[in-house]
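Read the structure below first, then the notes.
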Amino acid sequence: MTGIHDLWAFVLAGIAVNLLPGPDSMYVVGRSLAQGRGAGVLSALGIAVGCLVHIVFAALGLSALLAQSAFAFDVVKYIGAAYLLYLGITMARSREHKRAAPVDAGTAYLRVFTQGLLTNVFNPKVALFFLAFLPQFVDHQAGVLPFFMLGLLFNTTGTMWNLFLAWSAASVAQRFQRNQRFSMWLNRATGILFVALGLNLLRARLSPGVN
């Protein structure tokens, strides 16, 4: 496509980045372990839509404003961290000797999807990543279309990986779901994981790349 160069390098680099353990993949794994394959898949799809939001913002230059404003960066960061901490503490404080409720209703579908979406949208490091990564493979005078197409390609491979993680993690958890005590501790461990992700996000600092 006109305006894109070194596509092969972009694909290889994108796959390598997606395979590295990160907040999104850990979130999907945690959801899948605690609530099953449906929750993991919905979380992965929510994250995919969140990435799409970041891609559009980066293509239109809005992410550049975030990268230049420490105040805006911190606002987004604190909202995202607070949301992850809220989800994590809620799950970690569970005292019920049972697995978290599986996703089985329309409102639950929407809630889990929206939670995945919000955890991604309110992570400013994702915005800075796209802002730093995509321009390396796009001619500066090519406009926004090549930028957007590369973002979609990266998002597609990342979503496929997250869906695989959701399926795999849920399959492992399914073997132990009849053990109520194990399920309770698994639910708490997932909550602690979300808290750790929130605390890690609080450590983020404004920089040209991804922290």
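Every number in this text was worked out from the coordinates using simple rules, so none of it is lab data. Quick caveat, the model's predicted, so the values are computed rather than measured. Virtual Cβ from ideal backbone geometry, glycine too; neighbours counted across all protein chains shown.
Between Ile15 and Leu60, the distance separating the two model label sites (each 7 Å from Cα on the Cα→Cβ line) works out to 3.3 nm. Segment Asn200..Asp6, full-extension length gain: 66.5 nm, with 0.36 nm per residue of separation and the alpha-carbon distance subtracted.
Residue separation of Val53 and Arg175 scaled by 0.36 nm, minus their Cα-Cα distance, works out to 40.3 nm of gained length. Stretched out straight at 0.36 nm per residue, the stretch from Ala82 to Thr157 would grow longer than its current Cα-Cα span by 24.2 nm. Each listed q (0.15 Å⁻¹) maps to a log10 I(q)/I(0) for the range 28-98, found by the Debye formula over equal Cα scatterers with no solvent: -0.69.
Computed from phi, the 3J(HN,Hα) profile of the range 159-166 under the Karplus parametrisation 6.51, -1.76, 1.60 (θ = phi - 60°) reads 5, 4, 5, 5, 5, 5, 4, 4 Hz, with x in place of Gly and Pro. Per residue, the average separation of C-alpha pairs within less than 8 Å and at least 6 apart gives the range 8-73 a relative contact order of 16 percent.
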